[in-house]
Amino acid sequence: MGTPPPANFEALEAQARTLLAVFIAAGHEAVAPPIIQPAGIFLNVLGESLRGRTYVFTDLNGEELCLRPDLTVPTCRLYLDRYASADEQAHYCYNGPAFRYQPVGADAAHPREFRQAGIETFGVADREEAEAQTFTLMLTALRQAGLRNWKLRIGDLGLFDAVLNAAEMPERWRRRLRHQFWRAEAFRTELKRLTTNPARSAAALPRTLVAALNPADRPGAEALVADYLDSAGMEVFGVRSVAEITDGVLAIAADAKAEPLKEATAAMIESYLSVKTRAHQASSRVQELMGKAEPGIAAALEAFERRSALLEESGIVMSEVPFSGEFGRNVAYYTGFVFEVLAPTLGPGSPVAGGGRYDGLLKAVGAPRDVPAVGGAIHTERLLAAVREDAR
Amino acid sequence: MSTPLRFAVPSKGRLMKQTAEFLAKAGLKLRKVGHDRGYRGEIEGLDGVEVAFVSASEIVAELNGGRAHLGVTGEDLVRENISNASERVVFLKALGFGRADVVVAVPRCWIDVNEVADLEATAATFRREHGRPVRVATKYVNLTRRFFSGKGVTEYRIVESLGATEGTPAAGTADIIVDITTTGATLAANGLRVLEDGIILRSQANLVASKVAAWPPETHKARDALLGRLGIAAKAL
């Protein structure tokens, strides 16, 4: 763990030049966003879990900073520095260090400091085209760097979203499920709760209060909640107002009165997530499960098929690429197509490269609205190890 | 020269007194060596054991760094300060004192937040109304993060608080807290309530061994002698 031996320096530099040359030739401008980044933006985007894998520190001015854990968010910030209204197309590439906390004793495939080379494409409205180009360009670069043996895997959060939208349930339940997509266990717990006992938290509230609330009468509900707080001697302090607390209580009341999620609906969602097939059969499998009647699903499948066709045209044999319904790359900012490139010697926990679509990230970083964005990055130390393994 | 067993003991307060009492029950007398205000000591009649009086939180660092072989410290401090505790230390015995629960507490008036999962349910509204996520004041940054992550709660920001944490929601510097409590009286006095599933850890003082310290045979022997006197079965390190 730690820094790689010095013998790697020249090899990594040469490899980086190769990768960047491929990216630049494809029209990506090379950029070098700052290594030290404000921690707040990362914490807002990636959540507090970031602290568990990032070097966050406070400088002498008391400002909370971090060593960038990847180059995607810094590249988003660079783009917004140039185009605050986020209405231009941009194609960037980079190669530089990123830092992730690793517990003592982590293996060589998980160094705390590593170099990432990658590309990001912002503002291209033709999503499938941009995704196919990104994936293809990543593979071209890997091949140019000497990688011969690899395995691919893909997923599609857009398809998951369509499945969720087709499932009959209140929007607030959908939000909660979507939120837990990357946490399989929490997702299953939530799904089970919704099918068995969706009445979250209601037991803690007096039944008379829950029964008396009328969602159509907001002011009345607020008065009831205020009376209750008053009579129970609960002082209202802090930034949350009685109106906000009432909103929460109304949601609890709605859940308490709601019919549980249908078993069949939950089963449909679960069966989508357990789909594991070759990419060329994914679309027909999902159609079998869901039916094409739902317009959202039809559109998502159409996008999937179009992207697959574009990838096939550029030489990727889709019948050899595994697709998994639950695959989302463990990074909660992805919103659509995701991919990973694995080297046989490094195992599924240490992908050589990965990427995908993240249309919500630029807005989270400060853009006035969602911006189409897709990118991919290569873990260059792993790539070098895999290339050397290939050559043996 | 032989390597003595370095035994780190809390250097002040109740924890120090209770540790001495615990040892005394086994007939072991803790004694300072040299100056009365010094930080070195020994156990009467036990050769090869060197006692270091260290603050409870420093003891964790000593064990994690392999500078102490054994130590008495709170489980909360070990879990907070060592991310992979089971690989670095072994809990030999819970000592029955220094009890404190690490809990998530919210203002009592948040009647719509009773379980940890409710925090996530209110998060979207909170962010819309206040333009920021819920602030959690705590000195247990890592315990908090791991606990919330296990419960699927992600919409929050930690504000480090090194004292008077219970007062931060009323003062407005935080919205909720993660802190230790024994009776809950301080929480109640500050208008706070523990969430139903909000107990992160029931902590108490533990006798802890370092897995990463050097353990030559003579140190092993000193350990076995000490644990033998305390009636504790030695666990594999």
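List pairs: first residue in the stretch A:92-113 and facing chain B (nearest Cβ under 10 Å) and part of a loop (DSSP other than H, G, I, E, B), second residue among the polar types (S, T, N, Q) and crowded, with 19+ Cβ neighbours inside 10 Å anywhere in the structure, Cβ distance under 7 angstrom, at least six positions apart or on different chains.
Matching pairs, first to second residue: A:Tyr101/A:Thr54.
Write out, first by first residue and then by second, each pair whose Cβ atoms fall under 6 Å of each other, whose residues are 6+ apart or on separate chains, and whose first residue, in the stretch A:22-41, is modelled with pLDDT of 95 or more while the second is in a loop (DSSP other than H, G, I, E, B).
Partner pairs satisfying both residue conditions: A:Ile35/A:Arg68; A:Gln37/A:Arg68.
Can you spot a residue in the stretch A:155-173 that is over 26 Å from B:Glu155 (Cα atoms) and β-branched (Val, Ile, Thr)?
No, the stretch A:155-173 contains no residue that is over 26 Å from B:Glu155 (Cα atoms) and β-branched (Val, Ile, Thr).
Which numbered condition in (1) without any contact (Cβ under 8 Å) to a residue 12 or more places away in the chain; (2) away from chain A (no Cβ under 11 Å); (3) not charged (D, E, K, R) is the only one that B:Ala121 fails?
So B:Ala121 meets the others, but not (2).
Could you grab me the full set of residues in the stretch A:360-392 that are part of a helix (DSSP H, G or I) and over 17 Å from the mean Cα position of the chain (by Cα)? Let's see the steps before the verdict.
Taking the stretch A:360-392 first, the residues part of a helix (DSSP H, G or I) are A:361-365, A:380-391.
Those that are part of a helix (DSSP H, G or I) and over 17 Å from the mean Cα position of the chain (by Cα): A:Thr380, A:Glu381, A:Arg382, A:Leu383, A:Leu384, A:Ala385, A:Ala386, A:Val387, A:Arg388, A:Glu389, A:Asp390, A:Ala391.
Hey, can you tell me all the residues within the stretch B:4-44 that are assigned to a loop (DSSP other than H, G, I, E, B), of a type outside the set (A, V, I, L, M), out of contact with any Ser or Thr (no Cβ under 8 Å at 6 or more places or on another chain) and in contact (Cβ under 8 Å) with a residue 60 or more places away in the chain?
Looking only at the stretch B:4-44, we keep the residues that are assigned to a loop (DSSP other than H, G, I, E, B), and these are B:4, B:11-12, B:26-29, B:33-39, B:44.
Still in the running and of a type outside the set (A, V, I, L, M): B:4, B:11-12, B:27, B:29, B:34-39, B:44.
Filter once more, so that each one left must be out of contact with any Ser or Thr (no Cβ under 8 Å at 6 or more places or on another chain): B:27, B:29, B:34-38, B:44.
The one that is assigned to a loop (DSSP other than H, G, I, E, B), of a type outside the set (A, V, I, L, M), out of contact with any Ser or Thr (no Cβ under 8 Å at 6 or more places or on another chain) and in contact (Cβ under 8 Å) with a residue 60 or more places away in the chain: B:Gly27.
So, A:Phe323, is that one modelled with pLDDT of 95 or more and within 21 Å of the chain's Cα centre (by Cα) or not?
Values: modelled with pLDDT of 95 or more: yes; within 21 Å of the chain's Cα centre (by Cα): yes.
Here the answer is yes, as A:Phe323 does meet what is asked.
Filter the stretch B:67-98 down to residues that are in a helix (DSSP H, G or I) and within 15 Å of B:Leu201 (Cα to Cα), then give me how many there are.
If we filter the stretch B:67-98 for residues that are in a helix (DSSP H, G or I), which is where we start, we get B:75-81, B:85-88.
Then drop every residue that is not within 15 Å of B:Leu201 (Cα to Cα), which leaves B:75-81, B:85.
Matching residues across the stretch B:67-98 total 8.
Return the residues of the stretch A:287-325 that are part of a loop (DSSP other than H, G, I, E, B), touching a strand residue (DSSP E or B) at 6+ places or on another chain (Cβ under 8 Å) and within 21 Å of A:Ala264 (Cβ to Cβ); say none if nothing qualifies.
Let us first name the residues in the stretch A:287-325 that are part of a loop (DSSP other than H, G, I, E, B), namely A:291-294, A:314-317, A:321, A:325.
Next, only the ones that are touching a strand residue (DSSP E or B) at 6+ places or on another chain (Cβ under 8 Å) stay: A:316, A:321, A:325.
Matches in the stretch A:287-325: A:Gly325 only.
Please work out if B:Arg88 is basic (Lys, Arg), at the interface with chain A (Cβ under 9 Å from one of its Cβ atoms), in contact (Cβ under 8 Å) with a residue 40 or more places away in the chain and surrounded by 20 or more Cβ atoms within 10 Å (Cβ to Cβ).
Values: basic (Lys, Arg): yes; at the interface with chain A (Cβ under 9 Å from one of its Cβ atoms): yes; in contact (Cβ under 8 Å) with a residue 40 or more places away in the chain: yes; surrounded by 20 or more Cβ atoms within 10 Å (Cβ to Cβ): yes.
Against the criterion (basic (Lys, Arg), at the interface with chain A (Cβ under 9 Å from one of its Cβ atoms), in contact (Cβ under 8 Å) with a residue 40 or more places away in the chain and surrounded by 20 or more Cβ atoms within 10 Å (Cβ to Cβ)), B:Arg88 qualifies.
Which strands (runs of 3 or more DSSP E) sit wholly inside the stretch B:124-202 and have at least 1 residues that are of a type in the set (Lys, Arg)? Working first, answer last.
Working: elements: B:134-138, B:156-160, B:176-181.
Hits in the stretch B:124-202: B:134-138, B:156-160.
Could you please find all residues in the stretch A:156-173 being loosely packed, with under 15 Cβ neighbours inside 10 Å and assigned to a helix (DSSP H, G or I)?
The initial filter retains those residues of the stretch A:156-173 that are loosely packed, with under 15 Cβ neighbours inside 10 Å, namely A:168, A:171-172.
Result: A:Glu171, A:Arg172.
The values are calculated or read from the model by the stated rules, or taken from the named source; none is laboratory data. Here the structure is a predicted model, which means the values were calculated and not measured. We place every Cβ from the backbone using ideal geometry, glycine too, and count neighbours over all the protein chains shown.
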